[in-house]
Amino acid sequence: MYFETVKKGGVIYRAANGFGTPHGFSTRFSGVSTLEHLRSLNLGFGRGECDENVEENYKIFLDALGLDPKSRASGEQTHSTNVQEVSKTGGVQIFSQTDGLVTGEQG
């Protein structure tokens, strides 16, 4: 398995070749962020960017991956050992002070 650079609809991200499930590691290319220190594809809330721009960036990135932005799960990434189990809820799940996400559900 190796990582490759993928370009879709102006979005540039990294993906593991042969991983077998939709995934991607974002870069800062594309997006609507306007703050210079965040570049254009900021996916972090609470960094000075308006929430609407961050939500739009998630939509842009997840659309490129072929995933539904309205059913995403994400962590706050506090550089801890905290892991949260997630499930299909049909809505956005954001977990504070969580760095890892796991599920036993397919899809």
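The values are calculated or read from the model by the stated rules, or taken from the named source; none is laboratory data. If you're wondering where the values come from, they're calculated on a predicted model, not measured in any experiment. Cβ coordinates were reconstructed from backbone atoms using ideal geometry, including for glycine residues, and neighbour counts include every protein chain displayed. Surface areas here come from the heavy atoms of the whole protein model, side chains and all, with no ligands, DNA or RNA. Shrake-Rupley method; radii C 1.70, N 1.55, O 1.52, S 1.80 Å.
Observations on the model:
- Looking at the chain, the accessible area is 67 square angstrom per residue; that uses a 1.4 Å probe and ignores ligands, DNA and RNA.
- Carbon + sulfur, % of accessible area of the chain - ligands and nucleic acids excluded, 1.4 Å: 49
- Taking the chain and dividing mean pair separation by its residue count, relative contact order in percent (alpha carbons under 8 Å, at least six apart): 17
- For Cα extents along the principal axes in Å, the value calculated from this model appears in (i) 72, 31, 22; (ii) 44, 25, 23; (iii) 38, 30, 26 under label (iii).
- Taking every DSSP helix (H) stretch of at least 4 residues in the chain, weighting each as -39,500 (n - 2.57) and dividing the sum by the residue count yields a mean residue ellipticity at 222 nm of -4500 deg cm²/dmol.
- Gain on full stretching of the segment that runs from SER74 to GLU55 - 0.36 nm per residue minus C-alpha separation: 5.6 nm
- Cross-link partners for LYS88 among the lysines, with Cα-Cα distance under 25 Å and sequence neighbours closer than 8 places in the same chain left out: LYS59, LYS70.
- Which of ASN57, GLY44, TYR13, positive extreme of dipole for the chain (C-beta unit charges): TYR13
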